[in-house]
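The values are calculated or read from the model by the stated rules, or taken from the named source; none is laboratory data. Computed from a predicted model, the values in this text were never measured in an experiment. Cβ placement follows ideal geometry from the backbone for every residue including glycine, while neighbour counts extend to all protein chains displayed. Quick note on the areas: whole protein, heavy atoms, side chains included, nothing else; ligands and nucleic acids left out. Shrake-Rupley method; radii C 1.70, N 1.55, O 1.52, S 1.80 Å.
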Amino acid sequence: MQLLTILIIVCGLAMAGCTSIGQGSQASDTPSSDTVVRDCVDHFNRLDAAIDHSGVRDGAEARVPGFPYLRVNRFLASFVTDSGILRPGADATFQAWMDAMRELDRVSREVEILNLPAASAAAIAGMSKKEMRAKTSECAMLMMGADADKANDSAKRTAIIGAINVPDDYSTFKRALGIYPLARYPFFRGVEDWQHNAALTIQAVLSKTPTKVRITRYVPLAGPSTPQSIENIISKFKRADKNALGTATTTAFSDADWRKLFETYAPIYEIETATDNDRIGALQWRTGTKTNQIQDNTPVVNTDRPTSYRRVAYTRINGKTFTQLVYSIWFPSRPRGQPLDLLSGSLDSIVWRVTLDEDGTPLIYDSIHACGCYHMFFPTSRMQLKPAPAANIEWAFVPIAMPAVDATHRITLRLAAESHYIVGVGVAPGKNSIAENPGIVYEWREDDELRKLDAGRDQTRSIFQSSGIIAGTERGERFFFWPMGIDSAGAMRQWGRHATAFVGIRHFDDADLFDLRFKLVQPDITKSTIVNKH
């Protein structure tokens, strides 16, 4: 069986070598006399063929046609619309932009190579995965250097910029087939009903409406213990050197610094707990005790290890870059609440995001489930909602506004049992709220670990398919919501693949998500800020 797999892959690679180089590296190609570059073009074509054949292509970022050493996300793609990136003298911005795309591809290719089955890796010129990574890195730097030599040529720079495209996660074909222009109206009425009920529920919880359901409280592991230590990390973040894109440099703000910043703004989760499906945990593969091989294509949640996954993201407001801290927790499932429950299924997840001002204080909070559903915005007084540009579109659902808080306070999220809806958002003094009512401590993991989860036998595997969807998390709602154009509505998704509106087009990682919907205003010094007086 293994021999047959290798033969299939080798045939696929041979066919890839006969196809046009333009499918993999046309823009980076040099004259045929440059055998080193042509060898690298061939390497990328063969590598991509093996990755695609094995089904391990990573779906988080988009590949850049003609430039196999680059990938792009929505934040970086937003710079394409800046005329400044093309003008003479913008070399620093252009180079930082290229370096950022190169880093995205480096990480993605390492994940893809790591996840390749052993048979696929052996089929590529007998290379080990270590050799494959080294060859890929070497070729990427060589090809990027060759393109950099031509980057001063406006035609070359225009070709690179022209190749940038991050497809949206909506199907025009499905919307046309489902008569979207008409179907959108009843769907929008349903969205409005949910928003109305969600707002009433949150307001009821804020008014301390009693509940008979048991509450489990999860608090973050570690964190700055004094106002002074909090002030130190916020001050360091504020002073950190930024590159031409406005993101903090690794030399100015280290991994340890990021950890402290995440700890500072980490939420407390108060979860109504009816069953084990309301307990949070770490994702892992279910493996057989004898074979140590994956038994199911859907990962499971180990609730014995309460965990929050974290990632750094960026958005742009008024032409400036703002840092985002993204927190995710996972539940074993959303259980069936009734015989015909279209929303139930394996796994469930809440994503909570904190967008920071340049001085390190929160500007706005927002949240989704990992299906991209139930997007809610919680702005501070610094962000004023703009009116929707048209009627009957999902613009920005704001159930409540948040008070101005300093970093010594923590946001407390109340989640409902079974549905895991956010039903309450509060503020409590950070240190004392944990010390006086500690709850269950959750640990930290990087969100990118889910792209290369241990699968046993020295093998890793992403929990996401190339489409960005987690297999086995499909919901019954997909059979009814397909006219809105979202593939498998309700299924759990990878970062970068969250379509968050049924009516209209909106993604959780849109670089202009807040810039379009909110106006950034100067702080009102007449309004008091909640501070920790303990």
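Each peptide in 68-80, 351-363 was scored by the mean count of other Cβ atoms within 10 Å over its residues; highest first, the order is 68-80, 351-363. For the range 345-401, the dipole from Cβ point charges (+1 on Lys and Arg, -1 on Asp and Glu) about the Cα centre works out to 140 debye, to the nearest 20. Judged by the mean number of other Cβ atoms found within 10 Å, the most tightly packed of the peptides 95-106, 311-322 leads the ranking 95-106, 311-322. Shown for the chain: the carbon plus sulfur share of the solvent-accessible area, taken with all protein chains present and a 1.4 angstrom probe, equals 54%. With unit charges on the beta carbons (Lys and Arg positive, Asp and Glu negative) and the dipole taken about the Cα centre of the chain, which residue among F464, S367, P117 sits farthest to the positive side? The Cα lying farthest towards the positive end belongs to S367. Look at the Cα gyration tensor of the range 350-491: its axes a ≥ b ≥ c give a/c of at least 1.5 with a/b at or below b/c, and that counts as oblate. Projecting the Cα positions of T251, M376, Y327 onto the charge dipole of the chain (unit charges on Cβ atoms of Lys, Arg, Asp and Glu, taken about the Cα centre) puts M376 furthest along the positive direction. Between L182 and S466, residue separation times 0.36 nm minus the direct Cα-Cα distance comes to 99.1 nm.
Does the chain come out rounded, prolate or oblate by the C-alpha gyration tensor, with a ≥ b ≥ c the root eigenvalues, rounded set by a/c under 1.5 and, if not, prolate when a/b is larger than b/c and oblate if not? Could the numbers behind the result be given before it?
On the way: a/c = 1.60, a/b = 1.36, b/c = 1.17.
Since a/c reaches 1.5 and a/b is larger than b/c, the shape of the chain is classed as prolate.
For the range 122-145 and the range 152-194, write down the distance between their C-alpha centroids in whole Å. If you average the Cα positions of each part, the centres end up 35 Å apart. The ratio of the alpha-carbon radius of gyration of the range 275-362 to the globular-protein estimate 2.2 N^0.38 Å is 1.48.
Given +1 at the Cβ of Lys and Arg, -1 at the Cβ of Asp and Glu and no other charges, the dipole of the chain around its Cα centre is 780 debye to the nearest 20.
Once you charge only the Cβ atoms, +1 for Lys and Arg and -1 for Asp and Glu, what is the size of the charge dipole of the range 47-130 about its Cα centre, to the nearest 20 debye?
Numbers: 10 positive and 11 negative charges, 21 e Å.
With Lys and Arg at +1 and Asp and Glu at -1, about 100 debye.
Computed from the C-beta positions of N392 and S128, the FRET efficiency with R₀ = 45 Å rounds to 0.20.
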